[in-house]
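The values are calculated or read from the model by the stated rules, or taken from the named source; none is laboratory data. This is a predicted model, so every value here is computed, not measured. Here the Cβ positions follow ideal geometry from the backbone for every residue, glycine too, while neighbour counts run over all protein chains shown.
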Amino acid sequence: MKTIAQADFKNRKVLVRCDFNVPFGKAGEITDDTRIKECLPTIRKLLDDGASLILMSHLGRPAGTGYEAAFSLAPVARHIESLLGRKVVFPGDAFEDATVKAAKALQPGEVMLLENLRFIKGETKGDEEFARYLASLGDTYVNDAFGAAHRAHASTAVIAGFFPGNKYFGLLMAHEIENLEKLLHHAEHPFTAVIGGAKVSSKIDVLKNLADKVDNLIIGGGMAYTFVKATGGSIGTSLVEDDKLDTALEILDTFKRKGVRLILPVDTLCADRFDNDAERKTVPTDAIPDGWMGMDIGQETIAAYEAVLKESRSVLWNGPLGVFEMENFSRGTLQIGRCIGDVTARGGYTAVGGGDSVAAVNRLGLTKGISYISTGGGAMLEYLEGKKLPGVEAILN
């Protein structure tokens, strides 16, 4: 794997694809700068070498028809300035004359951030001409945007073709790939996967690919109720994908045939409506009354999941185990998060990916208590499915 750690970039003008797609509050402030900070080791390494940097990123989902103030990267440029302690050039003209002039004038040790790439429709369409334009701004390409590596966009995949001998993985990308490879091919056993979230449909391929790799599969979150209904349980008004009942049965059969222990919730904290202040009661997961919906795993389930995790040496966690964003239904996710942190403390290997799972880790103050936290939920899932990511393949080939 060709990474920036293997080369010196003195006097090079380096295009760095980052993932600065960060959340903003109502007042226009960045509410979580994790993705920016995760790119800093790559940025600092290149600057220490004596390179000039042209940083690139997308933000949100603009229409692709030009500048939109709500999606401008200007606040990100200011935030990077504060983190680096140096000026960040920000032309802000959405790839017109000022951008080209600023790129040409850039000197070693200087940093420039381009405007939101998705202001140009050619970015998401993987347009070769837009990729050629971006490539003309520098002489070296580095991809450090794992969160966008599953997209075959102009700046993540197509652009790499213009740098056949000068394309590299950034330190963050290399870290992500190394850890995912460890999970899929070199995990210490017993290996347990904790898979939650709302829908079975979004995790089918992940579950199938993990069947040959894990010893235990813990299922929670809204997707659990599709499995419960498929096996004849009563789930009230809980979230369910009726068109995936047969798929759920196939998954159960696959794991049984392969000798993998699949653990579903035995009890559920349910509510009479989807509201934090709803009336609550705990019932068997396969006997949720009509008019009630499952919102979190119950205490018996928490104990059963913890028992499995306590004997595990490797753990993968993707997806919350309940309606984590509501305080009264966050207990299961938080307690399992603590238990996963304990696996790390005992010398095990733990990996967490997916927005809500990472949010739970942050809320618990466990960011340093997890072996590997992925910055890209969608990209991580596709990698775990066994798919080739365009942003990764473009550097490898």
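For the reader, a short list of remarks on this structure follows.
- Extreme residue, nearest to the chain's Cα centre (by Cα), among residues of region 286-340 that are over 20 Å from F191 (Cα atoms) and in a helix (DSSP H, G or I): L334
- Count of region 74-97 residues which are touching a Gly at 6+ places or on another chain (Cβ under 8 Å) and at pLDDT below 95: 1
- Contact annotation: residue pairs with Cβ atoms under 7 Å, 6 or more positions apart or on different chains, pairing a residue in region 1-12 that is surrounded by 12 or more Cβ atoms within 10 Å (Cβ to Cβ) with a partner that is of a type in the set (S, T, N, Q), are I4/T42; F9/T140; R12/T140.
- For region 190-246, the set of residues classified as within 19 Å of P289 (Cβ to Cβ), small (G, A, S) and in a loop (DSSP other than H, G, I, E, B) consists of G222, G232, G233, G236, S238, listed by residue number.
- S52 surrounded by fewer than 17 Cβ atoms within 10 Å (Cβ to Cβ), farther than 30 Å from K387 by Cα and modelled with pLDDT of 95 or more: no
- Region 263-285 - residue that is closer than 14 Å to T237 by Cβ, hydrophobic (A, V, I, L, M, F, W, C) and surrounded by 15 or more Cβ atoms within 10 Å (Cβ to Cβ) and, of those, farthest from the chain's Cα centre (by Cα): V283
- Any pair with Cβ under 7 angstrom, 6 or more apart, that starts in region 101-112 at a residue that is not assigned by TED's automatic domain parsing to the domain that holds V89 and ends at one that is small (G, A, S) and at pLDDT 95 or above: none
- Tally of residues being in a loop (DSSP other than H, G, I, E, B), in contact (Cβ under 8 Å) with a residue 24 or more places away in the chain and at negative phi across region 341-368: 3
- Cβ-Cβ under 7 Å pairs, at least 6 apart or on other chains, region 369-388 side more than 11 Å from L316 (Cα to Cα), far side assigned to a loop (DSSP other than H, G, I, E, B) and at pLDDT below 90: G377/G354
- Hits in region 37-66 (condition: in a loop (DSSP other than H, G, I, E, B), over 23 Å from G376 (Cα atoms) and of a type in the set (A, V, I, L, M, F, W, C)): A51
- Matching helices (runs of 4 or more DSSP H) fully within region 67-177 where at least 2 residues are within 21 Å of K2 (Cβ to Cβ) and either small (G, A, S) or in contact with a His (Cβ under 7 Å, 6 or more places away or on another chain) (or both): 128-135
- Close contacts from region 55-78, counting a first residue that is in contact (Cβ under 8 Å) with a residue 60 or more places away in the chain and a second that is hydroxyl-bearing (S, T, Y), with Cβ to Cβ under 8 Å and a gap of 6+ residues or different chains, come to M56/S155; H58/S155; G64/T124.
- Close pairs (8 angstrom Cβ cut-off, 6 or more residues apart or separate chains): of a type in the set (F, W, Y) in region 221-232, part of a loop (DSSP other than H, G, I, E, B) anywhere: Y225/S238; Y225/L239; Y225/V240; Y225/T285; F227/V200; F227/L264
- Count of region 264-284 residues which are touching a helix residue (DSSP H, G or I) at 6+ places or on another chain (Cβ under 6 Å) and within 19 Å of G319 (Cα to Cα): 4
- Where D253 falls short, out of the listed (1) buried (at least 16 other Cβ atoms within 10 Å of the Cβ); (2) in a helix (DSSP H, G or I); (3) more than 21 Å from the chain's Cα centre (by Cα): (1)
- First in region 175-203 and closer than 15 Å to G354 by Cβ, second anywhere and β-branched (V, I, T) and part of a loop (DSSP other than H, G, I, E, B), Cβ under 9 Å, 6 or more apart: E176/T375; A193/V214
- Matching residues, region 256-285, being assigned to a strand (DSSP E or B), hydrophobic (A, V, I, L, M, F, W, C) and more than 18 Å from A230 (Cα to Cα): L269, C270, A271, V283
- Residue count, region 1-36 (criterion: part of a loop (DSSP other than H, G, I, E, B) and under 19 Å from H58 (Cβ atoms)): 10
- Matching option when the condition is basic (K, R) and assigned by TED's automatic domain parsing to the domain that holds T344, among K213, K182: K213
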